[in-house]
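J.: Take a look at this one; I'll ask things after.
The values are calculated or read from the model by the stated rules, or taken from the named source; none is laboratory data. Here the structure is a predicted model, which is why all the values come from computation and not from measurement. Positions of Cβ are generated from backbone atoms using ideal geometry, with glycine treated the same way; all protein chains shown enter the neighbour counts.
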Amino acid sequence: MKKILQFISKIQIGDLFTIIIFIVLTTYLSSILWNFPQGEYLKIDMGKQEIGSFSLNQNVTKVIEGPVGKTEVIIDSGKVRISKSPCTKKYCIHQGWINQINQSIVCVPNQIYISIIGNQTDYDSLNY
Amino acid sequence: MHFNKLIVLLVFFLTGCGQNETIQKKDYIFGTIVEVTIYGETSDKATNAIELVFNEFRRLHEYLHPWEKSIVQEINQSIKNQEIYTTEDTEIISIINHNKELELKTYGYFNPAIGNLVEAWGFHAEEFSTNRPNSIVIDNLQRNLPHMSEIIIQRGYLRSNNNNIKLDLGGYAKGYALDQAKKILDENNINNALINIGGNILALGKHGDRNWVVGIQHPRKPNSIGSISLSPGWSIGTSGDYQRYFIVDNQRYSHLIDPNTGYPATNAQSATVLLPPIEFSGTLSDVYSKPLFIAPENLKYSIAKELGIDFYMIIMTDGKISISNDMLNLIKWHEEIDEKNITVH
């Protein structure tokens, strides 16, 4: 106990500064790096054609050419949305961000189907 | 030497893994996504079988299309012109007979003769308009509501005295296609598969030593509300107001038209039925979700009982859940459900 008190009394302002920086940095980095990606990757399909699978751990915009026109998909550090679509209803855009495994956005007119795929899915197929 | 043995062992185990995997193919047919998953077959055998199934789906899509060139459209044209339609096609005759039977069985809540109403609401298009139709037009169509029983079928020909009839088999075709897919997979000795046509699903066999598991879409959220373990041969179908709909002045208009009012049904957000392996179970899982969706709440449960549906879940307009006891025992919730919001029947 005494030794601990002695140790604490020896801490200088610079030490304190270093310790605080260390704690803040660790908490911050682990909070953004540990929690995500909650889903493993984003799978994009256009009709029967698989466009590809993309890491969620990036900030990119993908443009997919569908039968009606160009659909723009934004991947933003673990979350995904459709930002531009040639369809008339724009339901796909209104759905907003998705970030969980098995969440998906479908744009029926442009035949775009994007879904967040994890290593483990809760089910084999979806009834809707 | 030991290293070689290790390699042999490794290759042996890896090939073992490969055979256990599932093979899944998707396509875009019936204006929606179709998906077939096959378990425990070689890639070639599975891919060939799936292609046969997709070909059948494409045939049915063209054959039964409600508003493009198809046999259904030819029949509609003949009825409209008050002509006799002669045909040797036994498939379409048995489909129409089945639809006549189903309209009676579902107390008219499933009525495939109301194509004119569906069209007036603008749902006869890939990209439907968001305009509310004129209420005079709708009321007029509803007052002259046609019924399947008014189609007269005799040896080799078909006719009707009611030129208001316009067949729309959109609520039947996908379920029928499920049963056709089952036949094709059976013929090709595929014993374990999961067929999904726009959300209507039929399970064949199992996924290895476990049942196929199917998620049920939440009608208002982008995720599943729960999942169901489908025993071999079972099928599941949902009617919902969240796939084909439009919103005008904060009012949601879905593609499911209530024949009794002529307006889109507003008595539920979704209705899900689960059927055991009976004859036409794929077709019926598609059709039977309609009366449970459309009928007013006080009739939903008696209709379910009459139709022999033991497993069902209805998410009401206010988001509360009405569920049969059998379904409650089977469902695995994916979110916390407040007991106050659930009624068991």
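J.: Right, B:ASN48: away from every other protein chain (no Cβ under 14 Å), closer than 22 Å to B:TRP212 by Cα and either crowded, with 16+ Cβ neighbours inside 10 Å or at pLDDT 95 or above (or both) or not?
T.: Against the criterion (away from every other protein chain (no Cβ under 14 Å), closer than 22 Å to B:TRP212 by Cα and either crowded, with 16+ Cβ neighbours inside 10 Å or at pLDDT 95 or above (or both)), B:ASN48 qualifies.
J.: Suppose the filter is in contact (Cβ under 8 Å) with a residue 24 or more places away in the chain, more than 9 Å from chain A (Cβ to nearest Cβ) and touching a helix residue (DSSP H, G or I) at 6+ places or on another chain (Cβ under 6 Å); does B:LEU284 pass it?
T.: No: the conditions fail for B:LEU284.
J.: Something else about it: Being more than 24 Å from B:ILE29 (Cα to Cα) and under 18 Å from the mean Cα position of the chain (by Cα): is that true of A:ILE114 here?
T.: No; evaluated as a whole, the condition is false for this residue.
J.: Would you mind stating whether B:GLY171 is out of contact with any Cys (no Cβ under 9 Å at 6 or more places or on another chain) and farther than 18 Å from B:GLU103 by Cβ?
T.: On the way: out of contact with any Cys (no Cβ under 9 Å at 6 or more places or on another chain): yes; farther than 18 Å from B:GLU103 by Cβ: no.
Considered against the rule, which asks whether it is out of contact with any Cys (no Cβ under 9 Å at 6 or more places or on another chain) and farther than 18 Å from B:GLU103 by Cβ, B:GLY171 comes out as no.
J.: Given the criterion among the hydrophobic types (A, V, I, L, M, F, W, C) and assigned to a loop (DSSP other than H, G, I, E, B), identify the matching residue among B:ILE228, B:ILE190, B:ILE201.
T.: B:ILE190
J.: If you go through the stretch B:288-335, how many residues are in a loop (DSSP other than H, G, I, E, B) and of a type in the set (Gly, Ala, Ser)?
T.: Residues that pass the stated criteria total 4.
J.: Residues to consider are B:LYS206, B:LYS182, B:LYS174; find the one that is within 18 Å of B:LYS290 (Cα to Cα), touching a strand residue (DSSP E or B) at 6+ places or on another chain (Cβ under 8 Å) and more than 9 Å from chain A (Cβ to nearest Cβ). Before you say what the answer is, go through the steps one by one.
T.: Details: B:LYS206 fails: within 18 Å of B:LYS290 (Cα to Cα); B:LYS182 fails: within 18 Å of B:LYS290 (Cα to Cα).
Only one candidate passes the filter, namely B:LYS174.
J.: Another question, then. If I ask for residues that are modelled with pLDDT under 90 and among the charged types (D, E, K, R), which ones from the stretch B:224-259 would you list?
T.: The answer is B:ASP241, B:ARG244, B:ASP249, B:ARG252.
J.: In the stretch B:141-189, how many residues are farther than 22 Å from B:PHE110 by Cβ and not assigned by TED's automatic domain parsing to the domain that holds B:GLU74?
T.: Number satisfying all stated conditions: 7.
J.: One residue is enough: does the stretch A:93-110 have a residue meeting the conditions assigned to a strand (DSSP E or B), touching a residue at least 40 places away in the same chain (Cβ under 8 Å) and assigned by TED's automatic domain parsing to the domain that holds A:GLY52?
T.: yes
J.: Answer yes or no: is there a residue in the stretch A:112-122 that is facing chain B (nearest Cβ under 7 Å), touching a Gly at 6+ places or on another chain (Cβ under 9 Å) and modelled with pLDDT under 90.
T.: Step one: of the stretch A:112-122, the residues facing chain B (nearest Cβ under 7 Å) are A:113, A:122.
Subsequent filtering for residues that are touching a Gly at 6+ places or on another chain (Cβ under 9 Å) retains A:113, A:122.
Subset that is modelled with pLDDT under 90: A:122.
Checking the stretch A:112-122: at least one residue is facing chain B (nearest Cβ under 7 Å), touching a Gly at 6+ places or on another chain (Cβ under 9 Å) and modelled with pLDDT under 90.
J.: Considering only the stretch A:48-63, I want to know if a residue exists there that is under 25 Å from A:ASP124 (Cα atoms), modelled with pLDDT of 85 or more and assigned to a helix (DSSP H, G or I).
T.: Among the residues of the stretch A:48-63, not one is under 25 Å from A:ASP124 (Cα atoms), modelled with pLDDT of 85 or more and assigned to a helix (DSSP H, G or I), which makes the answer no.
J.: Say whether the condition of being surrounded by fewer than 21 Cβ atoms within 10 Å (Cβ to Cβ) and β-branched (Val, Ile, Thr) is met by at least one residue in the stretch B:293-315.
T.: Kept after step one, since they are surrounded by fewer than 21 Cβ atoms within 10 Å (Cβ to Cβ), are these residues of the stretch B:293-315: B:296-299, B:301-303, B:305-308, B:310.
From what's left, β-branched (Val, Ile, Thr): B:303.
Within the stretch B:293-315 (the criterion being surrounded by fewer than 21 Cβ atoms within 10 Å (Cβ to Cβ) and β-branched (Val, Ile, Thr)), the answer is yes, since at least one residue qualifies.
J.: Based on what the data block shows, is B:PRO219 assigned to a loop (DSSP other than H, G, I, E, B), touching a residue at least 12 places away in the same chain (Cβ under 8 Å), in the same structural domain as B:ILE114 (by TED's automatic domain parsing) and crowded, with 18+ Cβ neighbours inside 10 Å?
T.: No: the conditions fail for B:PRO219.
J.: Among the residues of the stretch A:82-109, which ones are more than 10 Å from every other protein chain (Cβ to nearest Cβ) and crowded, with 22+ Cβ neighbours inside 10 Å?
T.: A:ILE82, A:SER85, A:CYS92, A:CYS107
J.: When you check B:VAL344 against the structure, is it touching a residue at least 60 places away in the same chain (Cβ under 8 Å) and among the β-branched types (Val, Ile, Thr), yes or no?
T.: So B:VAL344 does not fit the description; no.
J.: Any residue at all in the stretch B:99-110 that's buried (at least 18 other Cβ atoms within 10 Å of the Cβ), in contact (Cβ under 8 Å) with a residue 60 or more places away in the chain, in contact with a Gly (Cβ under 8 Å, 6 or more places away or on another chain) and outside the structural domain of B:SER254 (by TED's automatic domain parsing)?
T.: Yes, the conditions are met somewhere in the stretch B:99-110.
J.: Oh, and also: Going by the conditions given, is A:ILE75 assigned to a strand (DSSP E or B) and touching a helix residue (DSSP H, G or I) at 6+ places or on another chain (Cβ under 6 Å)?
T.: No; evaluated as a whole, the condition is false for this residue.
J.: Related question: Just one of the numbered conditions (1) within 14 Å of chain A (Cβ to nearest Cβ); (2) of a type outside the set (A, V, I, L, M); (3) touching a Pro at 6+ places or on another chain (Cβ under 6 Å); (4) crowded, with 22+ Cβ neighbours inside 10 Å is not true of B:SER235; which one?
T.: So the condition that B:SER235 fails would be (3).
J.: Filter the stretch B:140-158 down to residues that are under 17 Å from B:ASN76 (Cβ atoms) and exposed (fewer than 13 other Cβ atoms within 10 Å of the Cβ) and give me whichever is modelled with the highest pLDDT.
T.: B:ILE152
J.: Please list, ordered by first then second residue, the pairs with beta carbon atoms under 9 Å, 6 or more apart or interchain, first in the stretch B:35-63 and under 15 Å from B:ASN192 (Cβ atoms), second aromatic (Phe, Trp, Tyr) and surrounded by fewer than 22 Cβ atoms within 10 Å (Cβ to Cβ).
T.: B:VAL36/B:PHE54
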